[in-house]
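The values are calculated or read from the model by the stated rules, or taken from the named source; none is laboratory data. None of these values were measured; they are calculated from a predicted model. Because the Cβ atoms are built from the backbone with ideal geometry, glycine has one as well, and the counts that use them run over all protein chains shown. What goes into the accessible areas is simple: the full protein's heavy atoms, side chains included, and nothing from ligands, DNA or RNA. Shrake-Rupley method; radii C 1.70, N 1.55, O 1.52, S 1.80 Å.
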Amino acid sequence: YMLAIQYFNQAINAKPYLAQPYFFRAIAKLNLDDFLGAEEDATAAIDRNPFIADAYEVRGVARQNRGRFAEAVSDYDSALRLVAKSRGLLFNKALAQQELNWTDSAMVSFNHLLEEFPNFENGYIGRARLYLQQGDTVAARADIDRALELNKNLANGYLLRADIAINSARDFESAFNDMNEAIRLQPREPGLYIN
């Protein structure tokens, strides 16, 4: 990524009016966790060409990682106006809304996401977390079970289901079994052993 940034710097010096070098440099910076730099470069790309949907997405991700969730939601909305469907945009928008405690808006976004992409297991996990935030363990459990039907290798699905088993039903045997499965999938994760 560092070498790519150097090449994009050269392109920007030669033709500073082009949007693409700023956009690609933003992606490189995002991959280096330089979220401020990625946001600035994505903004420069958008200033030069406001029709690059991916630039809004990159800027949204950078802003989301910087804790600027409302601005991230705005960027995802801008990108969604330019593209027909995007699983990543809808998912990130719902997560940002959830971070803002915009629970009704987040639920609408998760529902829309899962209508468009009914086999997206992480969408069910995200909505399950929102249900848990609202205290609805029945709906959360249903979403977790659906996610695990789609992908048996979701350690966080087993972890969430174990949490529900312990905290709502005091079902330690089920929780223990789910935690064992999570540990089997991620044996190097110390938090799973602690739980």
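Values for this structure:
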| read-out | value |
| --- | --- |
| Output for the stretch 1-37, where each listed residue is among the basic types (Lys, Arg) and either open to solvent by less than 50 Å² (accessible area, probe 1.4 Å) or touching an Asp or Glu at 6+ places or on another chain (Cβ under 7 Å) (or both) | 25, 29 |
| Selection status of residue 96, among the small types (Gly, Ala, Ser), within 20 Å of the chain's Cα centre (by Cα) and at pLDDT 95 or above | yes |
| Tally of residues being out of contact with any Lys or Arg (no Cβ under 8 Å at 6 or more places or on another chain) and open to solvent by less than 20 Å² (accessible area, probe 1.4 Å) across the stretch 124-138 | 3 |
| Tally, over the stretch 90-101, of residues that are in contact (Cβ under 8 Å) with a residue 12 or more places away in the chain and part of a loop (DSSP other than H, G, I, E, B) | 1 |
| Only one of 131, 158, 124 that is in contact with a Ser or Thr (Cβ under 9 Å, 6 or more places away or on another chain), at pLDDT 95 or above and under 29 Å from residue 69 (Cα atoms) | 131 |
| Unique match (being assigned to a helix (DSSP H, G or I), surrounded by 21 or more Cβ atoms within 10 Å (Cβ to Cβ) and out of contact with any Ser or Thr (no Cβ under 7 Å at 6 or more places or on another chain)) among 57, 40 | 57 |
| Unique residue being over 26 Å from residue 120 (Cβ atoms), in a helix (DSSP H, G or I) and among the small types (Gly, Ala, Ser) when the list is 11, 62 | 11 |
| Qualifying residue in the stretch 93-114 (condition: open to solvent by 40 Å² or more (accessible area, probe 1.4 Å), within 29 Å of residue 73 (Cβ to Cβ) and among the basic types (Lys, Arg)) | no |
